Amino acid sequence: MSSAYSGPILELRGASFRYPGEGMIVQDLSFSVANGEFIGLLGANGSGKSTILKLAAGMLKPSKGQVRLWDKPLHTYRNKDRAKLLCYFPQHLDVNVPFTVREIVGMGLYPYDIPPHMTVDEAIAMVGLEDKAGTYVTNLSGGERRRVFIAMTLIQGAGVLLLDEPLANLDIKYQIEFLRLLRGLQKQKGISVIMALHDINIAFQFEKVMLINDGSVLGSGSPEGVLTGPLLKEAFDVAVDVERSANGALYISHGTIL
Amino acid sequence: MRTVRMGIFIAVAVLLFLLALFAGPRMINPFGMSTTEREILLSIRLPRVVVAMLIGMALGASGAVLQGVLRNPLADPYILGISSGASLAAALGLLTGFYAFGSVSIPLTAFIGAALVSLLVGAFGWKRGGLWPERLLLAGIGLNFLFSAVLMLLLSVSSDEGLRRAILWMFGDLSMADWTLIPSASLFMVIGLGVAFARSRALNALILGDEFAHSLGFAVQRERLMMFGAIALMTAASVALGGTIGFIGLLMPHIVRFLLGADSRVLIPASAVAGGAFLCLADLIGRSIMPPLELPSGTVTAIIGAPYFLYLLRRKDVLSI
């Protein structure tokens, strides 16, 4: 994109959203994402994380306020052009049609007339599914399916990834590998990521987190500053302690439950 | 590999088309036809086989698109109520003595009925500026029941002679096929098929879900509206051409997915070819099995199709629900 521009890549300005006849889900929300920034989005179930990501992806239109991508209103982009810059990864993956792994990953190239950067097989290799490239996704486990869609997202090659709980259903090994993969892409290509998360302990690894409560930002900044006992209590309505392990990493502890 | 299979697929379809043309209660030798046989071939067999091919293609393709749009592998174009609406309109036309357009009257009323019902289903399926699969499906099921009930009511209180024809027509009777309707019906089908094929990438994306489709750069609601229009056009034209012929729209996409995969770019044209070939075969069986009596093609497709569908249901990798 234009090298002269140094402002935020993605920005929500006073965005509000409500479904007709229902209460506000997102209330006057403003935040911006800088080039190469990694943001963890945390909040209780129903706090509005998914709605915020869908607003940022242009899937929902704000009833008030604006979403801007590269300093231009998001809705002024042609669909295909937007898809090359911005990619959304939904929380629920339910595919009951027997597409092969290769077919689904190949769909990541749909926005392009001339295939760019990476081949389908390279993307499949990046998520470790080389030996299953010809398999029907309907015959894969939940975690393997998720990796198929991660490969599709990678090949789509957008600079901004909006990921709604991409780690759900993944074994710890693939959680770590996926996060490392994203980190690598951030370093190589300067991609920006907003990721809705469930696991607070993973959020401690991010440079920046946003804690969401009732559709607005409760706290935003470094994990140490935001993920504190009192704020977590307010967001999740449960008392937890934030502790430091022997190697200096922060983690949350909820004592003995059972 | 897939190209080879596709080639075999088309070859089988062409063979079945030719078989339906030359075989039957009276076999015709293509290399030594008498004048009578040539006459039978050109004015009876050929239009009939062409009609079978067209209807089968329209139903196969619209089934493939509809199953994707609704994200439901059990959808059949008739589930939208288009065919029962067409049947009702045709029966009403017969009962009220609407013969203004001669032999074209039944197909014409049927097509008008099908078009009106498509608009009605679309209207019920519309909310918040778009078509929603669940609403379309439920609206179709509701209207289907309503039209079938009214149709039964009409049939039970009337003793009209024309109704036997109407009932036969409803079960997919190709015996009346001639060249009259073929040009206009083909036009609608070509438009529908063209739109469906041109949007096959978008259909693939929609099958993954609205969110992926949006993320991949498709205008979800606009795509769905175009596909619904294509389905309505093809189904309406097919019902007008030969009545209600069951199982093709449901079954063909499943057979094709099993043989050639689920990619809509292959699925849509291949389901069309398979549907055309299957109906040619079913019609051939229907008119050959106990001549001079002819079985309506719709019953033949259901009698062959239903058991095969149940067999497919047992195979986990084909119907993964």
With chain A treated as a Gaussian network of Cα nodes joined by springs under 10 Å, which of A:Val95, A:Val226, A:Val127 yields the largest mean-square fluctuation?
A:Val95
Of all C-alpha pairs within region A:1-112, those more than 17 angstrom apart amount in percent to 62 percent
For A:Glu37, distant residues with modelled amide H under 5 Å away
A:Val193
Bounding extents of region B:2-314 in its principal axis frame from Cα atoms, largest first in Å, are 62, 53, 37
Top of B:Asn144, B:Asn72, B:Asn29 by mean-square fluctuation, Gaussian network on chain B, Cα under 10 Å
B:Asn29
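How high is the relative contact order of region B:171-279, in percent, counting Cα pairs under 8 Å that sit 6 or more residues apart?
Across region B:171-279, relative contact order equals 35 percent.
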Over region B:2-314, calculate the relative contact order: mean separation of alpha carbon pairs under 8 Å at least 6 apart, over the residue count, as a percent.
33 percent
So if I take the alpha carbon set of region B:41-160, get Rg, then get Rh from the Kirkwood formula, what is the Rg over Rh ratio?
1.03
Taking the Cα centre of chain A as origin, sum charge times position over the Cβ atoms of Lys and Arg (+1) and Asp and Glu (-1), and report the length of that vector in debye to the nearest 20.
700 debye
Can you compute 3J(HN,Hα) from phi for each residue in region B:74-80, using the Karplus curve 6.51 cos²θ - 1.76 cosθ + 1.60 with θ = phi - 60°, rounded to whole Hz and x for Gly and Pro?
9, 7, 10, x, 6, 5, 6
Which values, in whole Å and largest first, are the semi-axes of the equivalent ellipsoid of region B:192-321 obtained as the square root of 5 times each eigenvalue of the Cα gyration tensor?
31, 18, 11
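Within the P(r) computed for region A:65-212, what percentage of the Cα pairs occupies the region above 19 Å?
Details: 5928 of 10878 pairs.
Value for region A:65-212: 54 percent of Cα pairs lie more than 19 Å apart.
Relative contact order for chain A: what is it in percent, counting Cα pairs under 8 Å that are at least 6 residues apart?
Details: 471 pairs, mean separation 59.5, N = 258.
That works out to 23 percent.
Could you tell me what fraction of 2.2 N^0.38 Å the Cα radius of gyration of chain A comes to, as a two-decimal ratio?
Taking N as the residue count of chain A, the ratio is 1.03.
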Can you give the convex hull volume per residue for the Cα atoms of region A:66-124, as a whole number of Å³?
123 Å³
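Identify the chymotrypsin sites (Phe, Trp or Tyr not before Pro) of region A:1-78 meeting these criteria: DSSP loop state and at most 14 other C-beta atoms within 10 Å of the C-beta.
A:Tyr5
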For region B:168-259, using Cα atoms only, the Rg and Dmax in Å read 15.8, 49
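Over all directions, the average projected area of the alpha-carbon convex hull for region B:18-91 comes to how many nm²?
Details: hull surface 28.1 nm².
For the Cα atoms of region B:18-91, the hull's average projected area reads 7.0 nm².
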Pop out the Kirkwood hydrodynamic radius of region A:146-258 from its pairwise C-alpha distances, inverse of mean 1/r, in Å to one decimal.
15.5 Å
With a cut-off of at most 16 other beta carbons within 10 Å, and DSSP calling the residue loop, which chymotrypsin sites (Phe, Trp or Tyr not before Pro) in region A:106-162 qualify? Please list them.
A:Tyr112
Region A:147-157 - phi-based ³J(HN,Hα) in whole Hz, Karplus 6.51/-1.76/1.60, Gly and Pro as x
5, 4, 6, 4, 4, 4, 4, 5, 6, 5, x
Where does the protein assembly as shown land on Rg/Rh, using Cα atoms and the Kirkwood Rh?
1.07
Mean Kyte-Doolittle of at least 1.6 and a Cα length of 15 Å or more along the axis: which whole DSSP H helices of chain B meet both?
B:2-22, B:46-69, B:82-95, B:105-124, B:133-157, B:182-198, B:248-260
Taking max minus min of the Cα coordinates of region A:158-219 on each principal axis, largest first, gives extents in Å of 34, 26, 18
Of the beta bridges DSSP finds with both residues in chain A, what % are antiparallel, to the nearest 5?
55 percent
Rounded to the nearest 5, what is the percent of antiparallel bridges among the DSSP beta bridges in the protein assembly as shown?
60 percent
Would you pull out the residues with amide H under 5 Å of A:Val26's amide H, same chain only if 5 or more places away, H placed 1.01 Å from N?
A:Phe17
Would you work out which of B:Ala202, B:Pro25, B:Tyr311 lies farthest towards the positive end of the dipole of chain B, given +1 charges on the beta-carbon of Lys and Arg and -1 on that of Asp and Glu, about the Cα centre?
B:Ala202
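Computed from the coordinates by the stated procedures, all read-outs in this text should not be read as laboratory data. Predicted model, so just to flag it, every value in this text is computed and none were measured. All Cβ positions, even for glycine, are placed from backbone atoms using ideal geometry, and neighbour counts span all protein chains on display.
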